[in-house]
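Structure first, then comments.
Nothing in this text is a laboratory measurement; each read-out follows from the coordinates by a stated rule. Predicted, not measured: the structure shown is a model, and the values here were computed from it. Here the Cβ positions follow ideal geometry from the backbone for every residue, glycine too, while neighbour counts run over all protein chains shown.
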Amino acid sequence: MTKMKAALHTAYGSPDELQIEEVEKPQPAENELLIRIYASSVTTSDCNVRNLTFTPKIFHLPMKVQFGFTKPKNPIIGMDLAGIVEVVGAGVTLFKPGDAVFGTTEPFFGAHAEYICLPDDAVLAHKPEKITFEEAATYPVMANTALHFMRDLAQVKPGDKVLIIGASGGVGTFAVQLAVHYGAQVTGVCSTASVALVKSLGAQSVIDYTKQDFTQSDAKYDVILDIPSKSSYNASKHLLAPDGVFLITVPTLKVIFQMMGNKQIKLGSAPAIKKNLLDLAALIDEGVLKPVIGRTYPLEQIVDAFRYVERGHKHGNVAISIHPDSGQSNLKERK
């Protein structure tokens, strides 16, 4: 029996519950490919699965029914990955051994491990050559969410004025770049430490929320994206243009009531589909979407990675380096 290392999630609680252990290495079925995972990531979605960190309390019960009421159903979490195809089943036609790939296991898990088996039609694509495995592993969930809100829900167009609250986080850094790509005038909201970063991504102006309350502004926006759900529609509606939209990623009970009969508020989960991943790969190749990695941890330090993300003030994305022979350093931090 061949073994592999994996980060096991066996109880709800602090990140200390995660343990690196050896488990059985999966073997691909006829329609599956075995991927040697070089890198993964820790996202807010992973934290919600692990301990409902960023989920409003009203949704805790249905989420525990889905993911495990008294203990987790799946001991290996993690959704985003990048790696090398090692073995393919006889029915696999889209990939071959040696292909560098990136993608997501969403809505399933298993990426915080050295190997994973995924079906041929999974949300996978060939990794763009200009990015590293660690960088590639930060795109699938975070960049797809930004794409869904900017392109699909808001339908951002040239000349739009866009306000992005939480512009320095995982979704925010991609949302800023996409809105700029679509021709919008972007204003980002972030802390002092991230002002330079957000400007470097193309934002025309940046509001430091530690020094200024953006809700007190007289500006008007066609799109307001509230990523951390720290604001509210009522506090921001005076900033919206007559046909403007208020986008929110994590609905609270208050927002759900405010949505009734209100076409200005939009929310919705970003579907994990291969077309979107291929669209992101094209944008990466074109130089439109550049990765922003705040920190990279080795798999052995995944507890520290979760602890950092769950504090709720991360800059950019957090990558997990799983195979050191991927040529990437084990620990980096953007200051």
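Of 141, 92, 49, the residue with the greatest mean-square motion in the GNM of the chain, using alpha carbon springs below 10 Å, is 92.
Dividing the helix sum by the residues of the chain, where each DSSP H run of 4 or more adds -39500 (n - 2.57), gives a mean residue ellipticity at 222 nm of -6000 deg cm²/dmol. Computed about the Cα centre, the dipole magnitude for the stretch 141-267 is approximately 100 debye when only Lys and Arg (+1) and Asp and Glu (-1) carry charge, each at its Cβ. Using a simple spin-label model with pseudo-atoms 7 Å out from Cα toward Cβ, residue 217 and residue 300 lie 4.6 nm apart. Within straight-line reach of residue 220, meaning a Cα separation under 25 Å, sit the following lysines at least 8 residues removed in sequence or on another chain: 157, 161, 199, 211, 230, 237, 254, 263, 266. Positive-end ranking of 164, 128, 103 along the dipole of the chain, with charges on Cβ about the Cα centre, is headed by 164.
Note on the chain: GNM, Cα springs under 10 Å; of 262, 74, 51, the largest mean-square fluctuation is that of 262. Each label was represented as a point 7 Å from its Cα along the Cα-to-Cβ direction; for residue 108 and residue 275 these points are 2.3 nm apart. Counted residue by residue at 0.36 nm each, then reduced by the alpha carbon distance between them, the extension gain from residue 204 to residue 3 reaches 67.3 nm. Compared with the dominant Cα axis of the chain, that is its longest principal axis, helix 170-181 is turned about 60°. Springs join every pair of Cα atoms under 10 Å in this Gaussian network model of the chain, and among 78, 68, 103 the largest mean-square fluctuation is at 68. When the alpha carbon coordinates of the stretch 141-267 are projected onto the principal axes, the ranges are 38, 30, 27 Å, largest first.
Kirkwood analysis of the chain, using all unique Cα-Cα pairs, places the hydrodynamic radius at 20.4 Å. Counting only alpha carbon atoms, the long axis of helix 274-285 and the longest principal axis of the chain meet at about 80°.
Among residues other than residue 88 whose Cβ falls under 12 Å from its Cβ, what is the net charge (Lys/Arg +1, Asp/Glu -1)? Here the charged neighbours net out to -4.
Summarising the strand pairing of the chain, around 55 percent of its internal DSSP beta bridges are antiparallel.
When exposed loop sites are taken as GluC sites (Glu not before Pro) in a DSSP loop with at most 16 other Cβ atoms within 10 Å, the longest stretch of the chain clear of them is 130-285.
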